[in-house]
Amino acid sequence: MSGNAAPHERLFAAHITAQRFYRQQLLTSPGAQGPCHYLAQRRLVHVLAPESCWQVGYAPARWTGLRDHLVRHGFDEQELLQAGLICRSRRGGVVDRFRDRIMFSQRDEAGKVVGFIGRAAPGAPADAPKYLNSPQTPTYHKGQALFGLHEQRQALANGCPRCSWKVPSTYSPPRPPQRRAIPSPP
């Protein structure tokens, strides 16, 4: 397929395979202890449950961990470049776009994984971007995807009974700006 545009179904397949890889890394990799601890500290331990709709994952701190995995599963580098899962290095080789990051899947309106949001893992260098998003691709258009909508669609359809937002007792609503009299021009 080199040199040709990969069919959309191949890009979707690459993303779902990547999601499964990231999920497996989060649940089994010794390098994911920091990200798991971070998620627990943020009271997001429920995303670690096997049945969680969120399927949060971890991109290992290796240059080609995902690339190698996807090539073993039959994807070529051109498809992975088009999917935004790998990118060209300064030296001209290819590397994983996401490394040492907590990974959140970005889905389209049909629920297909089309991209990722990667949050820097605890201990990341200070100059690393805190969040890194998938680039625009043939299947991912940033302005057309709303994070979490697919995962929460059923709760929203049911009136969101689990969404009992509690306002902390120390909360005070913001004050409206004070109006000051504006002197009339002379």
Q. Before we move on, is V113 modelled with pLDDT of 95 or more, among the aliphatic types (A, V, I, L, M), touching a Lys or Arg at 6+ places or on another chain (Cβ under 7 Å) and surrounded by 14 or more Cβ atoms within 10 Å (Cβ to Cβ)?
A. no
Q: Check whether at least one residue in segment 3-20 is in contact with a His (Cβ under 6 Å, 6 or more places away or on another chain) and surrounded by 12 or more Cβ atoms within 10 Å (Cβ to Cβ), and report yes or no.
A: yes
Q: Identify, by number, the condition in (1) surrounded by 18 or more Cβ atoms within 10 Å (Cβ to Cβ); (2) farther than 20 Å from A14 by Cα that R107 doesn't meet.
A: (2)
Q: Answer yes or no as to whether L48 is free of Cβ contacts under 8 Å to residues at least 24 places away in the same chain and either under 17 Å from the mean Cα position of the chain (by Cα) or farther than 22 Å from Y140 by Cα (or both).
A: yes
Q) What number of residues within segment 61-84 are more than 12 Å from R10 (Cβ to Cβ), of a type in the set (A, V, I, L, M) and crowded, with 21+ Cβ neighbours inside 10 Å? A) 1
Q: Considering every residue within segment 92-102, establish whether at least one is in a helix (DSSP H, G or I), touching a residue at least 40 places away in the same chain (Cβ under 8 Å), buried (at least 19 other Cβ atoms within 10 Å of the Cβ) and touching a helix residue (DSSP H, G or I) at 6+ places or on another chain (Cβ under 7 Å).
A: no
Q | Residues satisfying the stated conditions in segment 35-57, i.e. surrounded by 15 or more Cβ atoms within 10 Å (Cβ to Cβ) and part of a helix (DSSP H, G or I) | A | P35, C36, Y38, L39, V47, L48
(Q) Can you tell me which condition G74 does not meet? The list is (1) outside any loop (DSSP other than H, G, I, E, B); (2) small (G, A, S); (3) at pLDDT 95 or above, and all the others hold. (A) (1)
Q) Residues of segment 107-149 being assigned to a strand (DSSP E or B), of a type in the set (K, R) and in contact (Cβ under 8 Å) with a residue 24 or more places away in the chain, which ones? A) R107
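Tell me yes or no: at least one residue of segment 111-118 is more than 21 Å from C53 (Cβ to Cβ) and over 10 Å from the mean Cα position of the chain (by Cα).
no
The values are calculated or read from the model by the stated rules, or taken from the named source; none is laboratory data. All figures in this text were calculated on a predicted structure; none of them were measured in a lab. Note that we place each Cβ from the backbone using ideal geometry, even for glycine, and neighbour counts take in every protein chain shown.
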